4 protein chains.
Amino acid sequence: MRYAYLGPAGTFTEEALRQVASPDEAVYLPQTDVGSAIAAVRAGEADRAVVAIESTAEGGVTATLDSLATGSPLMLLREVLVPVQFTLVGLPGTRTADVRRVAAHPHAWVQCRRWLAAHLPGAVHVPATSNTAPAALLAEAAADPAAVRSSTFDAALVPPAAVGTYGLVPLAERVADNPSALTRFVVVGPPGPVPPPTGADKTTLVVHLPDNEAGALLAMLEQFAVRGVNLSRIESRPIGDALGRYSFSIDAEGHVTDERMGEVLMGLHRRCPYVRFLGSYPRADAVAPLVQVGTADADFVEARAWLDRLRGGHPA
Amino acid sequence: MRYAYLGPAGTFTEEALRQVASPDEAVYLPQTDVGSAIAAVRAGEADRAVVAIESTAEGGVTATLDSLATGSPLMLLREVLVPVQFTLVGLPGTRTADVRRVAAHPHAWVQCRRWLAAHLPGAVHVPATSNTAPAALLAEAAADPAAVRSSTFDAALVPPAAVGTYGLVPLAERVADNPSALTRFVVVGPPGPVPPPTGADKTTLVVHLPDNEAGALLAMLEQFAVRGVNLSRIESRPIGDALGRYSFSIDAEGHVTDERMGEVLMGLHRRCPYVRFLGSYPRADAVAPLVQVGTADADFVEARAWLDRLRGGHPA
Amino acid sequence: MRYAYLGPAGTFTEEALRQVASPDEAVYLPQTDVGSAIAAVRAGEADRAVVAIESTAEGGVTATLDSLATGSPLMLLREVLVPVQFTLVGLPGTRTADVRRVAAHPHAWVQCRRWLAAHLPGAVHVPATSNTAPAALLAEAAADPAAVRSSTFDAALVPPAAVGTYGLVPLAERVADNPSALTRFVVVGPPGPVPPPTGADKTTLVVHLPDNEAGALLAMLEQFAVRGVNLSRIESRPIGDALGRYSFSIDAEGHVTDERMGEVLMGLHRRCPYVRFLGSYPRADAVAPLVQVGTADADFVEARAWLDRLRGGHPA
Amino acid sequence: MRYAYLGPAGTFTEEALRQVASPDEAVYLPQTDVGSAIAAVRAGEADRAVVAIESTAEGGVTATLDSLATGSPLMLLREVLVPVQFTLVGLPGTRTADVRRVAAHPHAWVQCRRWLAAHLPGAVHVPATSNTAPAALLAEAAADPAAVRSSTFDAALVPPAAVGTYGLVPLAERVADNPSALTRFVVVGPPGPVPPPTGADKTTLVVHLPDNEAGALLAMLEQFAVRGVNLSRIESRPIGDALGRYSFSIDAEGHVTDERMGEVLMGLHRRCPYVRFLGSYPRADAVAPLVQVGTADADFVEARAWLDRLRGGHPA
């Protein structure tokens, strides 16, 4: 199996990928960004992509949500949770007190904001394209004094895994503001068999509303509520053609083969201008949903038999 | 065909029955009350009952609704509308100004209240078991002076049709307060084939709520709203075991074979402790319902095919 | 105080009235029907009316609901619960086995239906204008053999209190089908000070919907739900001008001086074509409502102060 | 007046600021990021900040929403719309065909994705901290051949206004994928008088839900719907303490002094764990909201007077 992911070595995404398939049994195809990882699957250059979809700090990952929402169909097959921590690493000889310019991916910067304000109050953000790009530059600098001089930063925020990978010097560890921060990754593949239900599954959807009124959002949520399907995530994304036009990215509790979920999906499909099914897959936390009275599969089957009796003129 | 109905000759119910089957082609089985007419069908003594179910003046007819809601299953096969008017008829020789005691079925009395207050302000109500019972007594009195003397009333409110049937003398015609008053009658039969959909049908249900909170009524109504099914009548009836426990009698627009109605029925069946289907039949006014976007049968069929593709791993 | 009520002596209504004011301290003004009792208050001939408004067997009492819903404003001041039982009484010398014709108010007949079917299967219903009218006739018959012969019935269903009042002979006691049946009575007066809140109150309303769609009923119920006000009774009554046009009679849990109830009332008044407030009064069962989070009076007062700060430019 | 904004000269934000106050009558205080601009107001170093809050391409601007949602209270005073276009500018002597590395703020990169894929298929993204940072470097390079050699990019996406400001050479104009793209900016100040209502206003809020169920979102939306207040934007942002816990950023149509908006705000304040009012201000498009029946200020005033009459015992 070939896995495209946000590389290079040492990223959080690699950490997620290692939970899915070890480097011994799979081909790792590092990419420069999330869009490229997903495109590699669409192009058939990779069998799967592993991409971040949601984090406690930032919410939905825009690039992932947008890449999945349009273009040729893809399917989410699995989710993986990775704790988010950062280590501050420096150029050789740098002391924390001397740090002036910190390279960091914008998401990393945001997640360490309070620590930075407290410990490096005057430090300036040097944006990086990934969490590990500055790690590679630091590793290069460790070997080449010229690289030190031309470096546009003197320290960087990197994932803990990158410290060993690149042989870096930690200045401070666990500097993220939220010690329980997590990022959720998904394994993306081409359309194909849906992973079988486990009893603790999630279904991911993209839904556009029939119009941009509050009432339309209410009506969409009622499609779920009336069949007893709960949501674990709902996020709006602009459709992009005008201010105020939104697409909703949704994680619903349950599996596409659940009767109640099937009826919700059909209801959305009938009433909304656009619904994309992105897959049903096991929840990483294995928490089964609370099934409301009358919404188990057996209840649907029994109700169908009852309706058939009514239609056949044999009530009760 | 044998038809049980609230007799005797001259009642509004007979007028409704004449719209269904002429006396030449059917056996008319007059009954003393609505409950008996319905019981005759359950007992197999009649093939059909014709009973009033709703009037502009009184709303739902309690005895009919209650008889249909419990006991062995029955089916509504057709509805018929009859204009409600009353004629004041008197004992021989009676002048309107002399009328002191007016025999009338309680519903008739209620529907002529304003006319009575204006024209017979001191008149007392002598309750009758039916609209035609006093007509028969008046006919008897016309032939027998002794009957005049022992009569407990000197005038009566009767249906226009009863005037000719019994050879009575009208004192005043069209005395009902509401000139556009109607009564809706239904033809009731044993369980059997549902009348085929005409595109302008009504479905009648009895539904108990899972608990007696306002929220439960809201949730029940949302089962209809979310599938775009409108209601033309909803009435509460006490379940009878405690104050505040109600059963709902409902007319919904559409036919049990409509996909959207089927899904509503299954939803109610799954979530409510008791749902009784009383039939789908053509609307007397032949008004087709407004079908909301995405709720036509074709939309359901297409959504089912789409869901099947999703479940089979072939989205879009 | 002068009390108009459905008389004569021995009625359930009298039993309710005795809970309100003893005959020693009040003037009892028996009336022939509920409408007359209410009219007596409107005319200033009585200070109060005591009328049945709801029963476990029949639900809302139509005549009461309709008399209160239109005409000059009145106010409900108190509610009283009376257990509903019936005693079968006969003409002198009558044995239960010989009973052929049973006088009974239609509501009494309905409430003893199963007992009658089991014990007097062939008995015919002779409708009475009240529960006690036949008791008076039986008392007369006990004294006068001629009255026995001309009687149109040979037994009657009467309230237990009437047996002693009229010196009657019980044939069978406690013949009502539902041993826990109750009737709820209300004390009606002219507009004036609302009874102070007790913490366990009820508010009675009449509401017409802006149109006859299911959505309009949903929207009306949401006015209550969104402010956390629960309903203990909701009944539809035809407005009377066309089939399918309904007025709703509602008992809501709480008092007009509750902040949440005030906001509900104003919301209904703003959105519905007609809202009539019929009063707030203590619940007979003294059960306090469950107050949802954020809906106590203090929450409203605090929220108002917060809003005032926002409007004044002093958020938080 | 001192205005903090995302500088330097030539940014879209400067273009927005020019709509608010000309450089002649105000002090422009350019900042390196949105957070700093907002912090300058909190610190008293600026009187106002002008910051992007929403764009057609990206939806809500995370940094702005998050900075406003927590920390000491601030107030939105005005909104300004700026069309979003980009010009591709190059180092002296660069031809479009030779461009390999393009400096661009990540949002700019995203908004020109299709154009870049079509015209510069192999180009690599060099992230910039702002839309104008690369413009300044290009201006420097134009004057200094050494700067050309050390440049990490050979072209940049910049706002049209930056071309003249920095004396740059356009390679291609209007390269944004969406010709009608807009960014919405807001003017932020310290708490103080709310701008008076104009009849076409917007109110911006941050709301946390009482729990993370779909039902809670439904209930929150019903607070708006039941008072007839429409939403023009609703976006979820993670609260940050756990996956699946969201805060909602909302623009509602209307002004805090509108009666209906006041009641919505109080309802949210009572039922939700956290509500922050961020201000009411005129809509840039001056479109007045559709006022539903019964929701104008006069309706609230009249309903309050009616309620006061009810409470005083003077119904109708």
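Points worth noting:
- Between C:GLU54 and C:VAL61, C:ARG184, the built amide H atoms are under 5 Å apart, and every one of these is 5 or more places off in sequence or on another chain.
- Counting beta carbons within 10 Å around each of C:VAL82, A:VAL51 and listing the fewest first gives the order C:VAL82, A:VAL51.
- Across region A:283-296, rounded Karplus estimates of 3J(HN,Hα) from the backbone phi angles (6.51 cos²θ - 1.76 cosθ + 1.60, θ = phi - 60°) give 6, 5, 8, 6, 7, 6, x, 6, 8, 6, 3, x, 10, 6 Hz, Gly and Pro being marked x.
- Chain D: angle of helix D:214-225 to the longest principal axis, Cα-based, in degrees nearest 10: 70
- When the Cα positions of D:ALA286, D:VAL275, D:SER232 are compared along the charge dipole of region D:211-306, D:VAL275 comes out farthest toward the positive end, with charges on each C-beta of Lys, Arg, Asp and Glu.
- The protein assembly as shown - mean residue ellipticity at 222 nm from DSSP helices (-39,500 (n - 2.57) per run, n ≥ 4, rounded to 500): -9500 deg cm²/dmol
- In nanometers and ordered shortest first, the copy-to-copy spacing of the B:ASP308 label point, defined 7 Å from Cα toward Cβ, is 1.5, 6.5, 6.6.
- Ordering of B:263-271, C:196-204, A:154-162 by packing [mean C-beta count within 10 Å, highest first]: A:154-162, B:263-271, C:196-204
- Between D:ALA200 and D:ARG283, the built amide H atoms are under 5 Å apart, and every one of these is 5 or more places off in sequence or on another chain.
- Averaged over peptide B:267-274, the number of partner chain Cβ atoms lying within 10 Å of each residue's Cβ comes to 6.
- Charged-residue dipole, Cβ positions (Lys, Arg, Asp, Glu), region D:77-195 about Cα centre, Debye nearest 20: 220
- The distance linking region D:8-86 with region C:225-298 is 47 Å (Cα centroid to Cα centroid, whole angstrom).
- For the protein assembly as shown, the Cβ-based charge dipole about the Cα centre amounts to some 0 debye (Lys, Arg positive; Asp, Glu negative; other atoms uncharged).
- Helix A:259-271 vs. chain A, principal-axis angle (Cα, 0 to 90°, nearest 10): 90
- What separates the A:ALA26 label point from its copies, with the point 7 Å along Cα to Cβ, is 5.2, 7.3, 8.2 nm, written shortest first.
- Based on Cα contacts under 8 Å between residues 6+ apart, chain B shows a relative contact order of 20 percent.
- Using alpha-carbon coordinates, inclination of helix A:297-311 to the longest axis of chain A, degrees: 30
- Counts of other chain beta carbons within 10 angstrom of each beta carbon in peptide C:228-239 average 5.
- Nearest-20 debye value, chain C charge dipole, Cβ charges on Lys, Arg, Asp, Glu: 340
- Rg ratio (alpha-carbon, reference 2.2 N^0.38 Å) - chain A: 1.19
- DSSP bridge analysis restricted to chain C gives an antiparallel fraction near 75%, rounded to the nearest 5.
- Debye intensity ratio I(q)/I(0), log10, the protein assembly as shown, q values 0.07 Å⁻¹ (C-alpha model): -0.81
- For D:PRO210, the distances from its label point to the matching points in the remaining copies are 1.8, 2.6, 2.9 nm, ordered from shortest, with each point set 7 Å beyond Cα toward Cβ.
- Whole-Hz ³J(HN,Hα) from phi, Karplus 6.51 cos²θ - 1.76 cosθ + 1.60, for region D:17-23, glycine and proline x: 4, 4, 5, 8, 8, 6, x
- Sorted by Cβ neighbour density within 10 Å, fewest at the top, the residues C:VAL148, C:VAL110: C:VAL148, C:VAL110
- For D:ARG101, the residues whose modelled amide H falls within less than 5 Å of its own, excluding neighbours fewer than 5 places apart on the same chain, are D:VAL124, D:ASP154, D:ALA155.
- Per the rotation superposing chains B and C, the chain B residue found at the smallest beta carbon distance from the axis is B:PRO127, 2, distance in Å.
- For D:ARG101 and D:ASP47, the FRET efficiency from 1/(1 + (r/R0)^6), where r spans their Cβ atoms and R0 equals 41 Å, is about 0.55.
Read the figures in this text as sums done on the coordinates, not as results from a lab. Every value quoted in this text rests on a predicted model; they were computed, and no experiment measured them. We place every Cβ from the backbone using ideal geometry, glycine too, and count neighbours over all the protein chains shown.
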